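Shown next, in structure tokens, is the structure this report addresses.
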Amino acid sequence: MPTPGPAVLAAICLSAPCSLMTYVLGFVATYRVSDGIVRYIVLLILQVLGIPLFGMMEVLGVAWAILAPPGDGFYIVQKESEVDGRKDRKNATKSEVQCLLNKGKATHVKDV
């Protein structure tokens, strides 16, 4: 089997740390050392060892989407509004108030 040339080796050496850093950054943003140092270290090791598996899952997901796209398209899910999340009901629009009334989250306009 022929060995890869220097350009290929350079590309691998430059891209591998970026991929690793992405997974480590996601891990650091998700878990805290305060949950237990042993747990943190074990999960970090499993995260790094699982990178080949995660990569294969990503490749298979993309291949599946390309080879067998859904026939009916995809659905757009509407996010909850701030009014529905009870963050800012005083500035609710008339349609948002009506939506809350219809959902049973408010019984009177003054409840909003």
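Pairs under 9 Å by beta carbon, first residue under 18 Å from Ser19 (Cα atoms) in the stretch 53-76, partner open to solvent by less than 100 Å² (accessible area, probe 1.4 Å) and in a helix (DSSP H, G or I), six or more apart or different chains?
Going by the 9 Å Cβ cut-off, the qualifying pairs are Phe54/Tyr23; Phe54/Gln47; Gly55/Ser19.
Regarding Lys105, is this residue farther than 30 Å from Leu20 by Cα, surrounded by 10 or more Cβ atoms within 10 Å (Cβ to Cβ), modelled with pLDDT under 75 and among the basic types (Lys, Arg)?
When the stated conditions are applied, Lys105 passes them.
List pairs: first in the stretch 25-37 and farther than 14 Å from Gln47 by Cβ, second of a type in the set (Ser, Thr, Tyr), Cβ under 6 Å, 6+ apart or cross-chain?
Between residues of the stretch 25-37 that are farther than 14 Å from Gln47 by Cβ and residues that are of a type in the set (Ser, Thr, Tyr), the close pairs are Val33/Tyr40.
Would you confirm, using the coordinates I've provided, whether Gly71 is open to solvent by less than 90 Å² (accessible area, probe 1.4 Å), within 17 Å of the chain's Cα centre (by Cα) and not hydrophobic (A, V, I, L, M, F, W, C)?
Criteria not met by Gly71.
The values are calculated or read from the model by the stated rules, or taken from the named source; none is laboratory data. Keep in mind that this is a model prediction, so the values were computed, not measured. For neighbour counting, all protein chains shown are included, and Cβ atoms are generated from backbone atoms with ideal geometry for every residue, glycine included. Ligands, DNA and RNA are stripped out before the accessible areas are found, and what is left, the full protein with its side chains, is counted by its heavy atoms. Shrake-Rupley method; radii C 1.70, N 1.55, O 1.52, S 1.80 Å.
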